[in-house]
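**Student:** Please find one structure pasted underneath; my questions will follow.
Only the coordinates and a few stated rules stand behind these numbers; no lab work does. Predicted, not measured: the structure shown is a model, and the values here were computed from it. Glycine gets a Cβ as well: all are built from the backbone with ideal geometry, and neighbour counts include every protein chain shown.
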Amino acid sequence: MTKDEIKKRTKKFALRIIKLVESLPKGKITDVIGRQLLRAGTSVGANYRAACRGRSKADFISKLGIVEEEADESIYWMELLIEGKIIKYAQLESLLKEADEILAITVSSINTARKNR
């Protein structure tokens with residue numbers, strides 16, 4: 001998978017997160033979780049783009065570490081929505097799968113970059 005394909009994929013992920021957060025029922029808990037999910041989910045793509053502009057291999061690896069953290073955090077907030085019985089698993093299944101795949105791609109990229117240093 002090329003950098004451009006991953007950029008497109010992470011942007012699409014961010015747009016799906018935005019739609020999800022907009023669809024959440026209104027309330028104190030969903031407002032807090034939604035805000036956190038929106039921040040983490042949209043920063044995945046932004047930080048991936050920043051990593052692609054890294055000035056060095058170390059900078060690239062460091063920024064990919066942020067992508068890894070934000071993708072994992074997105075999964076956490078979605079799990080809370082499911083386990084808190086705010087949204088059914090079936091509604092988030094494909095978005096969770098995409099987050100898992102982005103996380104796996106990122107970890108693999110970090111490992112490859114470290115080997116090639």
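**Student:** Per residue and in cubic angstrom, what volume does the convex hull of the Cα atoms of the stretch 1-60 have?
**Tutor:** 74 Å³
**Student:** Determine the alpha carbon to alpha carbon distance for each of 8/85; 12/85; 63/85 and list only those over 28 Å.
**Tutor:** From 8/85; 12/85; 63/85, over 28 Å: 8/85; 63/85.
**Student:** Taking the Cα centre as origin and putting +1 on Lys and Arg beta-carbons and -1 on Asp and Glu beta-carbons, what dipole magnitude results for the chain, to the nearest 20 debye?
**Tutor:** Here the chain has a charge dipole of around 540 debye.
**Student:** Which value in nm describes the separation of the simple spin-label points at residue 100 and residue 55, placed 7 Å from the Cα toward the beta carbon?
**Tutor:** Calculated label separation equals 3.9 nm.
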